[in-house]
Amino acid sequence: MAYLPTDIVACPDCDLLERIPPLPPGGTARCARCGRALAAGKPGSIDRTTALAAAALIVFLLANAEPLMELSAAGRETTTTILGGVREMWRQGERASSVLVALFAVAAPGLHIGFTLAVLLAARRPPAPRWVGDMLRWAEVYGLWSMVEVMMLGILVSLVKIASLAAVTPGAGLYAVGALVFLLAAMSASFDPREVWPRVRWRNGAGQPPSFPEAAGAAGGER
Amino acid sequence: MTGALPTGARAGIASCAACGLLSRPAGPGNAGSCPRCGEPLAFRRRDAVQRTWALVIAAAICYLPANTLPVMTTITLKSSEPSTIIGGVVDLYEAGSWVLASIVLIASVVIPLGKLGALAYLLATVRHRSGRRNRERTRLYRLLKTVGRWSMLDVFVATYVVALIRFQPFLSVTPGPGVPFFAAVVILTIFAADAFDPRLIWDSGGETRGEDD
Ligand SMILES: [Zn+2]
Ligand SMILES: [Zn+2]
């Protein structure tokens, strides 16, 4: 099967064929036609993202283990965790919503972090096995459905709604969720899939990522 | 030069949707798969326009019950008071937090409606092979892909209010039937934005690089 050198890309939003120039750190290559960001100069992306993903994993576990908030009214107290909300929705018959909250607030972020970390660790010694490519694709899907930042805002809104009815004390879990929002944003910003793909073993049986001949033109560089 | 810019489709080169590698599909009937990652190759997302329309219509149908059915019911010894999404916004506003009230209003009403309207507009202009304001339309598409997730806000609000206000029989809150419809709207619009292919905007012309020819 014929393929092109990887410094040539087709813009995902408008299909224009373009060559990505060598980028300085912090530089971004944008599509000349539609302005879509095509690549960014992120030197040391793998090391930095590995550290951020490891930190995110720890904070994610904390956020799920610790109570989000405690509430007292009528001489009684209630408390909840992230999964406590899921359990209560299930108990009250809102099964579909309960499953969705579990998916968007726990499963998707957890798998996003875990898969990203696994991909990065495996990519340290190229050529990485083919499952690394599969995992990278799944990490992207889970990232799309991970809604920790939306949940954080949802918890804050519910705090305001509740504050008029009862006394609210924020718990350690709430601070962990706040930290997780920042860590996930930093992890996504520092991650560069273009750094990982060249290290993955090819599906078509070529054992090693092949080296490309210098291509003359965009469409002419095929081999 | 005829003025036609080199695109993947014109050059007969498919861009892998998963890893971005450019390769020549095996044949016209069977495009084959990406030699690097194994993803099936295609020049454009399959049945993008029909699938996006179907999802937009399904989301629009769910939008009505999502906004008219209660999302929460507050139960006290004396009363049981259901409230809709809009009711929740009004409550927040009356409680003095107009910032949060407008955030919930934007996330729950403005974003889903705007997203449905914007997708319908993109689908209609692609159908008429507009070729005008391509850059703006592409930007609109990128915007609606990033903001869509925030509509899930009210589902999380309902979940954590219900999880905490459990002082039966004096005061408790139960989730209402509006919640699953609301979640359905959000999920369907996310799938709809994913099903659309922004490259269709450019396929009908409007060749300019940035400014004008
Ligand atoms: Zn472009
Ligand atoms: Zn691929």
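Quick check: convex hull over the Cα atoms of the range A:42-141, volume per residue in Å³, rounded to an integer?
For the range A:42-141, the hull spanned by Cα atoms encloses 119 Å³ per residue.
So what's the back-of-envelope 222 nm ellipticity for chain A, counting only DSSP H runs of four-plus at -39500 (n - 2.57) apiece and dividing by all residues, rounded to 500?
My calculation for chain A gives -15500 deg cm²/dmol from helical runs alone.
In the Gaussian network model of chain B, springs joining C-alpha atoms below 10 Å, which of B:43, B:191, B:181 carries the largest mean-square fluctuation?
So, out of B:43, B:191, B:181, the one fluctuating most is B:43.
Please give the FRET efficiency for residue A:121 paired with residue B:145, using the beta carbon to beta carbon distance and R0 = 30 Å, rounded to the nearest 0.05.
Plugging the Cβ-Cβ distance into 1/(1 + (r/R0)^6) gives 0.50.
Name the long-range amide H neighbours of residue B:39: under 5 Å, sequence gap of 5 or more, or other chain; modelled H, no Pro or chain starts.
B:34
Compute the signed sum of charges (Lys and Arg +1, Asp and Glu -1) over the other residues within less than 13 Å, Cβ to Cβ, of residue B:20.
Combined, the nearby Lys, Arg, Asp and Glu give -4.
Residues in the range B:147-175, backbone N under 20 Å from the label point at residue B:113 (7 Å along the Cα-to-beta-carbon vector): list them, ranges by number please.
Inside the label zone: B:147-155.
How much net charge surrounds residue A:86 when only the other residues with a Cβ under 15 Å from the Cβ of residue A:86 are counted, with Lys and Arg +1 and Asp and Glu -1?
+2
Spin-label point model (7 Å from Cα, Cβ direction): what's the residue B:90 to residue B:10 distance in nm?
Distance between the two pseudo-spin positions: 5.6 nm.
Which whole-number percent gives the relative contact order of chain A, counting Cα pairs below 8 Å spaced six or more residues apart?
28
Name the residue, out of B:30, B:134, B:67, whose mean-square fluctuation peaks in a Gaussian network model built on chain B with Cα pairs under 10 Å.
Fluctuation is largest for B:30.
What's the longest piece of chain B with no exposed trypsin sites (Lys or Arg not before Pro), counting a site as exposed if DSSP puts it in a loop and it has at most 16 other beta carbons within 10 Å?
The longest uninterrupted stretch comes out as B:134-208.
For the range B:123-192, rounded, prolate or oblate, judged on the Cα gyration tensor with a ≥ b ≥ c (square roots of eigenvalues), a/c < 1.5 rounded, else prolate if a/b > b/c?
Cα axes put the range B:123-192 in the prolate bin.
Pull up the cross-link candidates among the lysines for residue B:78, meaning alpha carbon to alpha carbon under 29 Å and not fewer than 8 places away within one chain.
A:161
What's the Kirkwood radius of the range B:47-202 in Å, using all Cα pairs?
For the range B:47-202, the Kirkwood estimate is 16.8 Å.
Name the most mobile residue of B:93, B:63, B:141, meaning the one with the largest mean-square fluctuation, in a Gaussian network model of chain B with Cα contacts below 10 Å.
Highest fluctuation of the listed residues: B:93.
Which cysteines does chain B leave without a neighbouring Cys Cβ under 4.7 Å?
For chain B, the answer is B:62, because their Cβ atoms have no other cysteine Cβ under 4.7 Å.
Taking every pair of distinct Cα atoms and averaging 1/r, then inverting, what Kirkwood hydrodynamic radius in Å comes out for chain A?
20.2
For residue A:2, list long-range residues whose amide hydrogen, built 1.01 Å from N in the peptide plane, is under 5 Å from its own amide hydrogen.
Residues meeting the criterion, in which the H sits 1.01 Å from N, are B:24.
Hey, what angle do you get for helix B:134-147 against the long axis of chain B, alpha-carbon based, 0 to 90 degrees rounded to 10?
40
Every number here is computed from the coordinates shown, using simple stated rules; none is lab data. As the structure is a prediction and not an experimental result, all values here were calculated from the model. So basically every Cβ, Gly included, is an ideal-geometry build from the backbone, and we count neighbours across all protein chains shown.
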